[in-house]
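The values are calculated or read from the model by the stated rules, or taken from the named source; none is laboratory data. This is a predicted model, so every value here is computed, not measured. As a convention, Cβ positions derive from the backbone with ideal geometry for all residues, glycine included, and neighbour counts pool all protein chains shown. Only protein heavy atoms, including side chains, enter the accessible area calculation; ligands, DNA and RNA are left aside. Shrake-Rupley method; radii C 1.70, N 1.55, O 1.52, S 1.80 Å.
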There are 2 protein chains.
Amino acid sequence: MPTATIGPELQRLIDLLAKMPGLGPRSAKRAALYLLKKREPVMRPLAFALDDAANKVKACNICGNWDSIDPCAVCADADRDSSVLCVVQDVGDLWALERAGAHKGRYHVLGGLLSPLDGVGPDDLHIGGLIARAKDDAVTEIVLALPATVDGQTTAHYLTEHLGDAGVSVTRLSQGVPVGGELDYLDEGTLAAAMRARRSF
Amino acid sequence: MPTATIGPELQRLIDLLAKMPGLGPRSAKRAALYLLKKREPVMRPLAFALDDAANKVKACNICGNWDSIDPCAVCADADRDSSVLCVVQDVGDLWALERAGAHKGRYHVLGGLLSPLDGVGPDDLHIGGLIARAKDDAVTEIVLALPATVDGQTTAHYLTEHLGDAGVSVTRLSQGVPVGGELDYLDEGTLAAAMRARRSF
């Protein structure tokens, strides 16, 4: 809440901080106070890092990952398996898979999901590039690592259809019980899917 | 977690964001992705606002409030009651009282609390300025709006002692049941204090 007590420079900082995911109006004030107490060690370096990243970080021309080099570090890494492309919704999901060490191949970032309700069609996503990459002889498998939501599944079906004549096998992440998950707390849909996809022990 | 997937500029931004209160390593990544998507509307303005506030926002020479003008807007406001000084731990508490519209007088920001365990003594806080202000003839009451913690109460006692010969009445915020608070969820200390300080209806 803007009050006369908070000067315009500080209020603008708080308003901008409050736009970040994970910070609300109140935690933005706490963050602003923290930053003012840490001007040299955090506040000025953060201002520089924001500017620097805004200038240097670009989407990779090949896969859409964000990096300061183009092609990005993943695309440039000769040790990665070029035969498997993992399709993700956005860069955050790519980072999640990297954190898990779950994929040793390359990626393709769609930049969103098909969503008729929100007016997101195939032309709004990086689908053309994916189909072109899938036709590369080196690529044999496309893993669709898309969320298990309506939009995610819509997108997966669309991609599966359009990747049909690229001569690749299209796979998707398995669905089931999360590691460490209690059955009692799982939703019925996940439990039913896990039962249907049961495997021999 | 730093991985080769995340370039150095981006990693440094994430590391700095993760230092802010309310953001951890994972939410800092989410925030960085959000900012990269909103470069012009949020990311660059935030970089500028951080730098601008770091340069312009200073502690008020009179009360210690943070503002880009000195004396701060509260001290400069002629409509405020100069007879009542409200002593707070830091600027966040001043903002909280302003948000509540709870105080129409002036403030004094201590910049911390006495804490023998953490090695914070009277010389580390703005206590000298408070005592000088308390001796001003216009000031008749000092409200200690300090937290109801051990350090807060230690500080309150110290201030009460040292304000003894300033010729002002020293008061403190009442303790009791928070507005909207269920008795069942309150700690025993608060309930006992509320009972001791009961008032006629």
Expected output for the stretch B:133-145 (first residue touching a residue at least 24 places away in the same chain (Cβ under 8 Å) and within 21 Å of B:Asn61 (Cβ to Cβ), partner part of a loop (DSSP other than H, G, I, E, B) and open to solvent by less than 10 Å² (accessible area, probe 1.4 Å), Cβ below 9 Å, 6+ apart or cross-chain) is B:Arg133/B:Cys63; B:Ala134/B:Leu163; B:Ile142/B:Leu163
Those residues of the stretch A:170-192 that are at pLDDT 85 or above, of a type in the set (Ser, Thr, Tyr) and open to solvent by 60 Å² or more (accessible area, probe 1.4 Å) come to a total of 1
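Taking the stretch B:130-160, which residues are open to solvent by 30 Å² or more (accessible area, probe 1.4 Å) and not in a loop (DSSP other than H, G, I, E, B)?
Going residue by residue through the stretch B:130-160, those that are open to solvent by 30 Å² or more (accessible area, probe 1.4 Å) are B:131-133, B:135-138, B:140-141, B:147-151, B:153-154, B:157-158, B:160.
Answer for the stretch B:130-160, where residues must be open to solvent by 30 Å² or more (accessible area, probe 1.4 Å) and not in a loop (DSSP other than H, G, I, E, B): B:Ile131, B:Ala132, B:Arg133, B:Glu141, B:Val150, B:Asp151, B:Gln153, B:Thr154, B:His157, B:Tyr158, B:Thr160.
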**Prompt:** If you go through the stretch A:24-41 one residue at a time, do you hit one that is more than 7 Å from every other protein chain (Cβ to nearest Cβ), open to solvent by 20 Å² or more (accessible area, probe 1.4 Å) and hydroxyl-bearing (Ser, Thr, Tyr)?
**Reply:** no
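Let's see how each residue does on (1) at the interface with chain B (Cβ under 9 Å from one of its Cβ atoms); (2) touching a strand residue (DSSP E or B) at 6+ places or on another chain (Cβ under 7 Å); (3) modelled with pLDDT under 95; (4) not in a helix (DSSP H, G or I):
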position	(1), (2), (3), (4)
A:Phe48	yes, no, no, no
A:Asn55	yes, no, no, no
A:Ile62	no, no, no, yes
A:Ile69	yes, no, yes, yes
A:Val87	no, yes, no, yes
A:Asp93	no, yes, yes, no
The one condition B:Ser169 fails out of (1) within 22 Å of the chain's Cα centre (by Cα); (2) closer than 30 Å to B:Asp123 by Cβ is (1)
Cβ pairs under 7 Å, 6+ apart or interchain, first in the stretch B:111-131 and of a type in the set (S, T, N, Q), second open to solvent by 60 Å² or more (accessible area, probe 1.4 Å), ordered by first then second residue, are none
Per the filter on the stretch A:102-116, residues part of a loop (DSSP other than H, G, I, E, B) and open to solvent by 40 Å² or more (accessible area, probe 1.4 Å) are A:Ala102, A:Lys104, A:Gly111
Within the stretch B:117-129, restricting to residues that are hydrophobic (A, V, I, L, M, F, W, C) and outside any loop (DSSP other than H, G, I, E, B), the one that is least open to solvent (accessible area, probe 1.4 Å) is B:Ile127
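Can you pull out every residue in the stretch B:19-38 that is among the charged types (D, E, K, R) and either assigned to a loop (DSSP other than H, G, I, E, B) or at pLDDT 95 or above (or both)? Outline the logic, then answer.
We begin by selecting, within the stretch B:19-38, every residue among the charged types (D, E, K, R); these are B:19, B:26, B:29-30, B:37-38.
Residues satisfying the conditions are B:Lys19, B:Lys38.
Could you grab me the full set of residues in the stretch A:74-91 that are surrounded by fewer than 17 Cβ atoms within 10 Å (Cβ to Cβ) and out of contact with any Gly (no Cβ under 8 Å at 6 or more places or on another chain)? Before you say what the answer is, go through the steps one by one.
Taking the stretch A:74-91 first, the residues surrounded by fewer than 17 Cβ atoms within 10 Å (Cβ to Cβ) are A:76-83.
Matches in the stretch A:74-91: A:Ala76, A:Asp77, A:Ala78, A:Asp79.
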Picking from B:Leu97, B:Leu16, the residue that is at pLDDT below 95 and part of a helix (DSSP H, G or I) would be B:Leu97
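Does A:Leu146 satisfy the criteria of being within 16 Å of A:Leu110 (Cα to Cα) and modelled with pLDDT of 95 or more? Full working, then the answer.
Working: within 16 Å of A:Leu110 (Cα to Cα): yes; modelled with pLDDT of 95 or more: no.
For A:Leu146, the condition - within 16 Å of A:Leu110 (Cα to Cα) and modelled with pLDDT of 95 or more - is not met.
Residues checked against (1) closer than 23 Å to A:Leu173 by Cα; (2) touching a Ser or Thr at 6+ places or on another chain (Cβ under 6 Å):
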| site | (1), (2) |
| --- | --- |
| A:Arg39 | no, no |
| A:Ala54 | no, no |
| A:Val87 | yes, no |
| A:Lys135 | yes, no |
| A:Thr140 | yes, yes |
Using the structure shown, decide if A:Asp81 is within 11 Å of chain B (Cβ to nearest Cβ) and either without any contact (Cβ under 8 Å) to a residue 40 or more places away in the chain or touching a Cys at 6+ places or on another chain (Cβ under 8 Å) (or both). no
